[in-house]
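Take a look at the structure below.
The values are calculated or read from the model by the stated rules, or taken from the named source; none is laboratory data. All of these numbers come straight from a predicted model, not from anything done at the bench. Cβ: placed from backbone, ideal geometry, glycine included. Neighbour counts: every protein chain shown. Ligands, DNA and RNA are excluded from the accessible area calculation, which covers all protein heavy atoms including side chains. Shrake-Rupley method; radii C 1.70, N 1.55, O 1.52, S 1.80 Å.
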Amino acid sequence: MTKDEQDELFQHAWEQFDLDKNGSLDQKECQRVLITFGKARITVLDRKYEKLMLRESVSQLDIDAYEEQRSQARKMMERWEGGETSREFKSADVDGDGKISKEEFCHLCKDALEIREYWD
């Protein structure tokens, strides 16, 4: 993905998540971001599993690794859906002003994109 494509993707995502259009994300909006990223992570894992199962021989170790990764992703999703996002919010709020700026959001998206590319 080129830098321009990445910038366009992040701008589109920002517009979807900055619900009140005030130029920053509060904790509730951050929760929505995390849940969306979590669902995407589970989808990527499921696609990886489908490809894995198409192979002629699949080791139990590969299956166990998938199940562990999916279990961890599901636990994070349950925590986020329950509103437990303060740790992630504080981590994303680099300047500590109590909100996530567009720049901080783009950094968060970049990290998520790199993680996704690693797992694909």
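I need the full set of residues from the stretch 48-58 which are in a helix (DSSP H, G or I) and surrounded by 12 or more Cβ atoms within 10 Å (Cβ to Cβ), in order please.
If the condition is that a residue be in a helix (DSSP H, G or I) and surrounded by 12 or more Cβ atoms within 10 Å (Cβ to Cβ), then K48, Y49, L52 are the ones that fit.
Can you pull out every residue in the stretch 28-42 that is of a type in the set (S, T, N, Q) and open to solvent by less than 50 Å² (accessible area, probe 1.4 Å)?
Passing the criteria: only Q31.
Among the candidates S91, S86, which residue alone is open to solvent by 70 Å² or more (accessible area, probe 1.4 Å), in contact with a helix residue (DSSP H, G or I) (Cβ under 9 Å, 6 or more places away or on another chain) and among the hydroxyl-bearing types (S, T, Y)? Working first, answer last.
Values: S86 fails: open to solvent by 70 Å² or more (accessible area, probe 1.4 Å).
Within the list S91, S86, the selection yields S91.
Looking at the stretch 1-14, can you tell me whether even one residue there is surrounded by fewer than 11 Cβ atoms within 10 Å (Cβ to Cβ) and β-branched (V, I, T)?
Yes, the stretch 1-14 has at least one match.
For the list (1) surrounded by 12 or more Cβ atoms within 10 Å (Cβ to Cβ); (2) assigned to a helix (DSSP H, G or I), I need the number of the one condition that L19 fails.
(2)
With L25, L45 as the choices, which residue is touching a strand residue (DSSP E or B) at 6+ places or on another chain (Cβ under 7 Å), in contact (Cβ under 8 Å) with a residue 60 or more places away in the chain, under 23 Å from E81 (Cα atoms) and surrounded by 10 or more Cβ atoms within 10 Å (Cβ to Cβ)? Full working, then the answer.
Values: L45 fails: touching a strand residue (DSSP E or B) at 6+ places or on another chain (Cβ under 7 Å).
Result of the check over L25, L45: L25.
Going through the stretch 59-74 one residue at a time, which ones are open to solvent by less than 90 Å² (accessible area, probe 1.4 Å) and in a helix (DSSP H, G or I)?
Residues satisfying the conditions are D62, I63, D64, A65, Y66, Q69, R70, S71, A73, R74.
Looking only at the stretch 94-110, which residues are surrounded by 13 or more Cβ atoms within 10 Å (Cβ to Cβ) and in a helix (DSSP H, G or I)?
K102, E104, F105, C106, H107, L108, C109, listed by residue number.
Within the stretch 74-83, work out how many residues are under 17 Å from A40 (Cα atoms) and touching a helix residue (DSSP H, G or I) at 6+ places or on another chain (Cβ under 8 Å).
Counting residues in the stretch 74-83 that are under 17 Å from A40 (Cα atoms) and touching a helix residue (DSSP H, G or I) at 6+ places or on another chain (Cβ under 8 Å) gives 5.
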